[in-house]
Amino acid sequence: MPQELLFFFLEAYFIMKAQVKPKTRGFVCVTAHPEGCAAHVKQQIEIAKNKAPLANGPKNVLILGCSTGYGLASRIAAAFLGNAATLGVCFERPSEKGRPASAGWYNTAAFEQEAKEAGLYAKTINGDAFSKEIKEQTIKTLKEEMGPIDLVVYSLASPRRTDPETGETHKSTLKPIGEIFTGTHLDTDKAALVDVSIEPANPEEVAATVKVMGGEDWELWMEALSQAGILAPNVQTVNYSYLGPEITWDIYKNGTIGKAKEDIEATAQRLNKLLEPQSGKAMISVNKAVVTQASSAIPVVPLYISILFKIMKEQGLHEDCIEQMVRLFTDHLYSEQGPQLDDQGRIRLDDWEMRADIQAAVMEQWPAITTENLKAETDFAGYQENFLRLFGFGLPGINYEEEVELEVDIPSQGVKA
């Protein structure tokens, strides 16, 4: 064998297999473990399968933002609790030159494999869901392979969005409005409490955040699906939100992200009119605080979650994404009595988190937490474990000292990447 060819094969072998360890940069982990991600997906599937199957669940489900967090949990609940066919849309990075793929890529590969073994239709479109091209590709797939959709889950999360009409790229910000924000933040890298101060957003930053995180793209999707005649009678669509306690409001509910959430609620009202011919409904589900890449980036929230988790676990009330989505499907979307809504027309899956006794306990502990007692008095360990599990680390039964195959096939993509 020529020496050049030998070097090529040796290089290819070592690129395909490698030992993968977590590498974090602030609130982002830049590596993901393929076997760990698969194990995490299987854990969530088992939680869904442990519930009684839905008697009258969805048949065909479109999940926009299907690869991580609440979107992935929604897909799992639809498939393994409702026995539904699912089409997912996400924007994930494959492995390349010895670099692991993104966690969402590995999650999607594992989900599709599990769905295939269960005899369920599952296909994924990987690309920019904000674009016209991906909308057109999705609609083509629905028409050719699935048929009318009876549930559309919108769970896209991105720091930027390119407007499909103007071509302008907008970037979101996490800033207060009107006044400087000052507060206590948990530096998760250093396990230390630090003081933070954030300047207020200007009007352009507020508008850009609404463009990225508001309801405009949700509305564009539903309009496109409606115009294509691909929505089933009694179709439901749900978008996810969060309110949180007053201690987070300056940076969240009353900040730039809060303006985007207000826009989503206004969009839901418009979509209800759009869906009237199908007797359909658009809803907002206000979910519980969980560990995600997005929540880790918001000042105050990591400390709040660390305190909250300890209290809710002690009370037997703690839920992660999959438990929340199982409750959404069983107690609301597909319950005999239908969705239970608050006075503003929202589903409240944060009801246990926002119980008066839980919030009183959080507020009692908050001022007493210091860097020195953080690990003893909060569930910071649980916070860190949840964060690493998002990327496939810390799962039981996985030997993280072994080299693993980095290139993993997403079955519906047709090729390894």
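Under the condition of being among the basic types (K, R) and in a helix (DSSP H, G or I), which residue from region 269-284 is surrounded by the fewest Cβ atoms within 10 Å (Cβ to Cβ)? Among those residues, the one meeting the criterion is K273. Scanning region 322-357 for residues that are without any contact (Cβ under 8 Å) to a residue 24 or more places away in the chain and under 19 Å from S155 (Cβ atoms) turns up R327, D331. Screening E401 on (1) under 27 Å from E114 (Cα atoms); (2) buried (at least 17 other Cβ atoms within 10 Å of the Cβ) shows it passes everything except condition (2).
Select from region 78-131 the residues that are among the hydroxyl-bearing types (S, T, Y) and not in a loop (DSSP other than H, G, I, E, B) and write down the one among them that is nearest to D150 (Cα to Cα).
Filtering first and then ranking leaves T86.
Residues are listed down the side, and each one gets a yes or a no for (1) more than 14 Å from the chain's Cα centre (by Cα); (2) in contact (Cβ under 8 Å) with a residue 60 or more places away in the chain:
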| residue | (1), (2) |
| --- | --- |
| L62 | yes, yes |
| L72 | no, yes |
| A79 | yes, no |
| F91 | no, yes |
| G98 | yes, yes |
| F130 | yes, yes |
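The residue that is farthest from H185 (Cα to Cα), among those in region 274-291 that are at pLDDT 95 or above and polar (S, T, N, Q), is S279. Exactly one residue among L151, L156, L174 is farther than 19 Å from A260 by Cβ and surrounded by 14 or more Cβ atoms within 10 Å (Cβ to Cβ), and that residue is L151. Taking the condition of being in contact (Cβ under 8 Å) with a residue 60 or more places away in the chain, surrounded by fewer than 21 Cβ atoms within 10 Å (Cβ to Cβ) and over 21 Å from the mean Cα position of the chain (by Cα), how many residues in region 239-268 meet it? Result for region 239-268: 2.
Meeting the requirement of 3 or more residues that are within 24 Å of R75 (Cα to Cα), the helices (runs of 4 or more DSSP H) wholly within region 291-391 are 293-296, 321-328, 380-389.
Scan region 1-30 for residues that are touching a strand residue (DSSP E or B) at 6+ places or on another chain (Cβ under 8 Å) and either among the small types (G, A, S) or modelled with pLDDT of 80 or more (or both) and the total you get is 7. Summed over region 20-59, the residues that are of a type in the set (K, R), part of a loop (DSSP other than H, G, I, E, B) and closer than 26 Å to Y121 by Cα give a count of 2. Cβ-Cβ contacts under 6 Å between residues 6 or more apart (or on different chains), taken from a first residue in region 284-298 that is free of Cβ contacts under 8 Å to residues at least 60 places away in the same chain to a second residue that is crowded, with 21+ Cβ neighbours inside 10 Å, are listed as S295/V301.
Assess whether G82 counts as being out of contact with any strand residue (DSSP E or B) (no Cβ under 7 Å at 6 or more places or on another chain) and closer than 18 Å to L231 by Cβ.
Numbers: out of contact with any strand residue (DSSP E or B) (no Cβ under 7 Å at 6 or more places or on another chain): yes; closer than 18 Å to L231 by Cβ: yes.
It is true that G82 is out of contact with any strand residue (DSSP E or B) (no Cβ under 7 Å at 6 or more places or on another chain) and closer than 18 Å to L231 by Cβ.
Applying the condition of being modelled with pLDDT under 90 and among the small types (G, A, S) to region 292-313 and asking which residue is farthest from V196 (Cα to Cα) yields A294. Remark: pairs (first residue in region 361-372, hydrophobic (A, V, I, L, M, F, W, C); second residue in a helix (DSSP H, G or I) and surrounded by 11 or more Cβ atoms within 10 Å (Cβ to Cβ); Cβ separation under 6 Å; 6+ apart in sequence or on different chains) = A361/I311; V362/I307; V362/L308; I369/E377. Scanning for something in contact (Cβ under 8 Å) with a residue 24 or more places away in the chain, farther than 30 Å from L220 by Cβ, touching a Leu at 6+ places or on another chain (Cβ under 9 Å) and surrounded by fewer than 23 Cβ atoms within 10 Å (Cβ to Cβ), does region 107-125 turn up at least one residue? Yes.
The set of residues in region 305-323 that are within 19 Å of the chain's Cα centre (by Cα) and surrounded by fewer than 22 Cβ atoms within 10 Å (Cβ to Cβ) comprises H318, E319, D320, E323.
Looking at the structure I just gave you, is G183 in contact with a Pro (Cβ under 9 Å, 6 or more places away or on another chain), surrounded by fewer than 20 Cβ atoms within 10 Å (Cβ to Cβ) and within 19 Å of I305 (Cβ to Cβ)?
Taking the combined requirement at face value, the residue satisfies it.
The values are calculated or read from the model by the stated rules, or taken from the named source; none is laboratory data. It should be emphasised that the depicted structure is a prediction, and the values quoted were computed from it without experimental measurement. Methodologically, a virtual Cβ is constructed for each residue, glycine included, from the backbone with ideal geometry; neighbour enumeration extends over all protein chains shown.
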